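Quick note: the coordinates plus some simple rules give every number you see, no bench work behind them. Given the structure is predicted, the values throughout are model-derived calculations rather than measurements. Quick reminder, even Gly has a Cβ in these numbers, built from the backbone with ideal geometry, and neighbours come from all protein chains shown.
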Amino acid sequence: MATYQLTINGQRREVTTDPSTPLLWVLREDLKLTGTKYGCGVSACGACTVHVAGMATRSCMVPVSMLGDRPVVTIEAIGQDPVGKVVQDAWVSHDVVQCGYCQSGQIMSAVVLLKHTPNPTDQNIEESMGGNICRCGTYPRIRQAIKAAAQHLQ
Amino acid sequence: MIGSRTTGPRSLIVVFAAFVVCLVASPPQADQSKAAPSADRRSDGLAAWQQVYTVLTHQRCINCHTATNYPQQGDDRHRHFANVVRGPEGRGVPGLHCATCHQEANADSTGAPGSHNWHLAPLSMAWQDQHDQLLSSAEICRVLTDRSKNHDMDGPALLQHHAEDQLVGWAWEPGRGLNGLQRTLPPLSRPQFADATRRWVEAGTPCPPGKAGD
């Protein structure tokens, strides 16, 4: 066991856990931030996506010991980000969600996409969102929402 | 004394003549370095290259030296899962960057391999063709020594890359996969690989003749 000082959603949080524990379980079990979902546990679905130092990151794959001092943002705080707020609003206005399980990861990836690619093409969206799986098949609405958010941000 | 007085000038002439002959017979050291390698030196260099080639064509090296728009993975060199793509700089795309999963070190508890500066080799350094077949020894040698394709690396820089680059070194410390098993290692140890590269570089980085399939 080891103790880590983490920066989660702008707040310092102290966690004592096994160094090999994936960030996902620190967020969900220790910090009770359950908006980030466990899907596959092997980075194949994207449901656990959070931002680590601004980069979309599969929290199921990153042991807490490898975080260092990099700040983490989860779905709980993405609405405080200007781009994140626009993306969330687009998700609501386009009624993207069906079951919703994958959607926190979808939004986290979409926010990073739009921060780096303000006017994404269909190919940009397919490539950047290709690692986020939705069993409900909401892909067409996800694409529409991303394009609407991009338009709103311009 | 008389004898020495009479033979002295003759000796000087002989010594001077020998010096001139030596100058003619033995070109300066700088010229020697520019001379074409001897047959033995070239042969030794080619033998060392073949050792280097066995490492470069190990499946785990090819996985990142692809000619495709995506990395490969595993000993069977299958397409990287999760729809990962190369991206403009060989590091993925926003939202699905290499560092989305790959950290600065292997994460054996999750099975994700990692090392500093994780990325794909550029397409100019692909060691496979468009049909997923390995390039021949001659082809990879030519690619590797083409400074317009290899980030302008000369022989010493190639040696340093092979001997010291951290991401290259990951090949010998690949960690455990998702199945918990140790990933396979190249056929040579890293010191052996570096030594073979050094001998190849010292021989003037000779490349074998031949084309694809040779």
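What to note about this one:
- Pairs of lysine residues in the protein assembly as shown that meet both criteria, 8 or more places apart or on different chains and Cα atoms under 29 Å apart, total 11.
- For the protein assembly as shown, the equivalent ellipsoid derived from the alpha-carbon gyration tensor has semi-axes of 58, 22, 19 Å in decreasing order.
- The label point for residue B:68 and the one for residue A:3, both projected 7 Å from the Cα toward the Cβ, are 4.8 nm apart.
- Residue exposure sequence - B:193, B:81 - by fewest surrounding Cβ within 10 Å: B:81, B:193
- Sorted fewest first by neighbouring Cβ atoms within 10 angstrom, B:129, A:69, B:195 come out as A:69, B:129, B:195.
- Sum of side-chain charges, residue A:82 neighbourhood, beta-carbon under 15 Å (Lys, Arg +1; Asp, Glu -1): 0
- Other protein chain Cβ atoms within 10 Å, averaged over every residue that makes up A:125-133: 6
- Proximal charge balance of residue A:133 [Cβ under 14 Å; K/R count +1, D/E count -1]: +2
- Environment charge of residue A:48, counting only residues whose C-beta is closer than 12 Å and scoring Lys/Arg +1, Asp/Glu -1: +3
- By the beta-carbon count within 10 Å of each Cβ, the least crowded to most crowded order of B:116, A:116, fewest first, is B:116, A:116.
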